[in-house]
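The structure appears below as structure tokens.
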Amino acid sequence: MFARRLPIDPRNRVHSRFRGFIFSVPVLLAASFLTPSSTIAQPTEQRPSVAAAVDRQQGDNLLEQLTKERWDITDVFDEEIHLYLSQEEFDRLGEMGHSVRWLEDHTVEWVEWLEKPDALREKSQFSYPTFQEMTDQLNDWVDEFPGLIQVESVGQSVQGRELWFARITGPDNEGPDFRPVVSHVATMHGDEMAGTPLAMDFIERLLAGYGEDEEITWLVNNTEIWVMPLMNPDGYADGIAPNSRRSNANNIDLNRNFPSWACGDQDTTSGRQPETVAIMEWSAARNQVVLQANYHGGALVINYPLDECATCNTQCGGSYSADEPLLREIALAWARPNQRLSNSTRFTDGVTNGAEWYSIYGSMQDWHFRFRGTVEVTVELDNNKIPGSTLLEQIVLENRQSTIDYTMWGHQGLRGYVINNHGDGVPVAATVSVEGTEFNVRTDPVTGGFHRPLLPGTYSVMIQPEDTDDVYTFRNVVVNEGIATPRTFALHGTGYLDVWMIY
Ligand SMILES: [Zn+2]
């Protein structure tokens with residue numbers, strides 16, 4: 001049933017409604033698109049911190065020092081470290097004797113992969129929507145597909161822009177009562193802009209494909225899909241590249257602003273940025289988000305937890321949870337359909353453990369995984385943070401199947417309903433844990449439903465109702481490949497029980 005792949009040929013695209021974003025290239029300008037344009041970035045009032053590189057010397061401890069002091073590192077190579085610097089920080093590094101330089105801002109139009117650039121250029125229909133265009137488009141979809149999409153603001157940015165989150169799911173009378181929540185959040189770094197058009201394209205394909213495409217229809221009916229196309233609207237600056245910036249309007253990097261487990265932070269929103277608070281409160285209100293994807297740019301890789309090393313503000317060369325094989329497999333679900341990711345020469349199969357690349361502290365993905373039991377991956381879409389229109393189209397097309405396959409992973413593993421079996425069979429609010437693994441998930445108190453991503457295998461599953469200390473252990477629970485069949489976990493009696501239900 002899921003063998004059908006989405007068409008990747010742009011001529012077969014299901015969507016034709018991005019009228020607000022349609023970009024037609026005047027023929028006279030075409031020649032200028034064959035060469036990348038670049039400028040040296042400089043800090044300005046609008047962009048107080050911009051990309052820079054500092055050289056590493058053999059045997060120095062520069063990376064360790066910058067990590068300890070929580071500098072805003074964005075990439076690490078053998079010879080140099082990339083980071084975001086204000087003019088003052090740039091000068092300070094120079095005074096410390098380091099060789100530091102501003103990096104160029106590239107706007108690259110295409111990468112030779114999909115088709116001949118001439119053909120691509122003629123077809124390119126993608127550009128960066130303004131905040132208002134994005135808002136209008138979301139509202140239009142609500143009008144056009146009232147049974148499939150709702151849009152709500154889950155907070156406001158520092159400058160008062162709404163943080164829109166679209167919820168896409170099938171009608172109540174289709175699919176199951178309990179649907180796993182899978183979310184996609186784009187552009188928490190305002191100058192990594194490709195994620196916003198990709199997220200809008202994803203929403204549109206879910207809506208336009210519903211009832212038309214078998215895989216999409218099943219996915220929408222069986223999943224509660226949430227998409228936030230723009231987490232940092234102030235930094236995104238209406239998609240106008242020279243005005244965009246990484247941080248929010250308080251000059252805070254939002255992907256360093258979540259509670260850090262390694263540094264012993266409490267899981268509270270106190271003192272955090274409004275964009276961070278919005279995500280934390282949204283997630284907590286969902287009871288259990290099963291999976292999230294977090295769209296970035298500036299590299300080409302899928303990065304999975306853990307980002308943090310066990311010791312706060314250090315580098316450790318890799319930080320592996322007990323769920324490492326599962327997390328890698330989920331990251332691969334995104335990378336596999338994407339040729340450029342799969343063929344990466346820098347990262348094996350296009351995926352990496354976060355800390356194996358470089359550690360950061362206070363990332364959204366580690367907060368979600370460690371504090372909320374949500375598997376989140378960081379999707380780095382392209383080495384160019386702000387691709388030109390033809391490369392942008394290529395990025396959207398090459399990630400279309402990945403958005404579907406990743407969301408589909410929300411249905412693999414262990415799924416069930418926990419009920420009280422004292423004769424009434426009512427749903428139970430409980431925590432579900434799996435022996436030998438790391439993160440727990442919560443049941444939905446209304447239905448008792450839960451979903452826990454797992455690799456195929458045989459497991460012991462522990463269920464603890466919220467209002468007791470009792471733990472119910474179900475042994476020899478077999479998890480198969482593919483879409484999980486829901487099971488009923490019926491809790492009998494009180495105290496520690498060792499039971500195996502046949503269902
Ligand atoms: Zn980023």
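The values are calculated or read from the model by the stated rules, or taken from the named source; none is laboratory data. In this text the structure is predicted, and so the values were computed from the model without any measurement. Note: ideal-geometry Cβ built from the backbone for every residue, glycine included; neighbour counts use all protein chains shown.
Brief remarks follow.
- Qualifying residue in the stretch 432-453 (condition: in contact with a helix residue (DSSP H, G or I) (Cβ under 8 Å, 6 or more places away or on another chain) and of a type in the set (A, V, I, L, M, F, W, C)): yes
- Single match in ASP55, ASP78, ASP60 (criterion: surrounded by fewer than 16 Cβ atoms within 10 Å (Cβ to Cβ), at negative phi, at pLDDT 95 or above and not assigned by TED's automatic domain parsing to the domain that holds LYS385): ASP55
- Among the conditions (1) assigned to a loop (DSSP other than H, G, I, E, B); (2) among the charged types (D, E, K, R); (3) crowded, with 19+ Cβ neighbours inside 10 Å, the only one that ASP234 does not satisfy is (1).
- Filter pass, ARG415 being part of a helix (DSSP H, G or I), out of contact with any helix residue (DSSP H, G or I) (no Cβ under 9 Å at 6 or more places or on another chain), of a type outside the set (S, T, N, Q) and touching a residue at least 12 places away in the same chain (Cβ under 8 Å): no
- Within the stretch 313-348, tally of residues that are part of a helix (DSSP H, G or I), within 18 Å of the chain's Cα centre (by Cα) and charged (D, E, K, R): 3
- The residues on offer are PRO242, PRO229, PRO176, PRO171, and the sole one that is within 16 Å of the ligand (Cβ to nearest atom) and either over 18 Å from GLN137 (Cα atoms) or within 16 Å of the chain's Cα centre (by Cα) (or both) is PRO229.
- Which numbered condition THR431 fails, given (1) assigned to a strand (DSSP E or B); (2) crowded, with 20+ Cβ neighbours inside 10 Å; (3) polar (S, T, N, Q): (2)
- Tally, over the stretch 452-469, of residues that are outside any loop (DSSP other than H, G, I, E, B) and under 12 Å from VAL418 (Cβ atoms): 6
- Where a residue in the stretch 198-219 is hydroxyl-bearing (Ser, Thr, Tyr) and its partner, wherever it lies, is modelled with pLDDT of 95 or more and in a helix (DSSP H, G or I), with Cβ under 9 Å and at least six apart: TYR210/ILE216; TYR210/THR217; TYR210/VAL220; TYR210/ASN221; THR217/GLY209
- Among strands (runs of 3 or more DSSP E) entirely within the stretch 51-105, having at least 2 residues that are acidic (Asp, Glu), in contact with a Leu (Cβ under 8 Å, 6 or more places away or on another chain) and within 16 Å of the ligand (Cβ to nearest atom) singles out no element at all.
- Being of a type in the set (D, E, K, R) and away from the ligand (no atom under 16 Å from the Cβ) is a description that does not apply to ASP253.
- Test for THR485: is it surrounded by fewer than 18 Cβ atoms within 10 Å (Cβ to Cβ) and part of a strand (DSSP E or B): no
- Residue match in the stretch 131-140 (condition: in the same structural domain as VAL277 (by TED's automatic domain parsing), crowded, with 24+ Cβ neighbours inside 10 Å and modelled with pLDDT of 95 or more): yes
- Scan the stretch 364-402 for residues that are within 16 Å of the ligand (Cβ to nearest atom) and farther than 22 Å from ASN338 by Cβ and the total you get is 3.
- Residues located in the stretch 330-381, provided they are touching a residue at least 60 places away in the same chain (Cβ under 8 Å) and among the β-branched types (Val, Ile, Thr): ILE330, ILE360, THR374, VAL375, VAL377, THR378, VAL379
- In the stretch 246-257, the residues that are over 19 Å from ASN303 (Cα atoms) and in the same structural domain as VAL377 (by TED's automatic domain parsing) reach residues that are more than 9 Å from the ligand (Cβ to nearest atom) and modelled with pLDDT under 95 with C-beta atoms within less than 7 angstrom, at least six apart or across chains, in these pairs: SER247/SER49; ASN251/PRO48; ASN251/SER49.
- In the stretch 189-226, the qualifying residues are those that are assigned to a helix (DSSP H, G or I) and among the hydroxyl-bearing types (Ser, Thr, Tyr), and the one that is farthest from the ligand (Cβ to nearest atom) is THR217.
- For the stretch 121-140, the condition holds for no residue, the condition being that it is of a type in the set (Val, Ile, Thr) and within 16 Å of the ligand (Cβ to nearest atom).
- Only residues that are part of a loop (DSSP other than H, G, I, E, B) and either touching a strand residue (DSSP E or B) at 6+ places or on another chain (Cβ under 6 Å) or within 16 Å of the ligand (Cβ to nearest atom) (or both) were counted across the stretch 272-307, and they come to 8.
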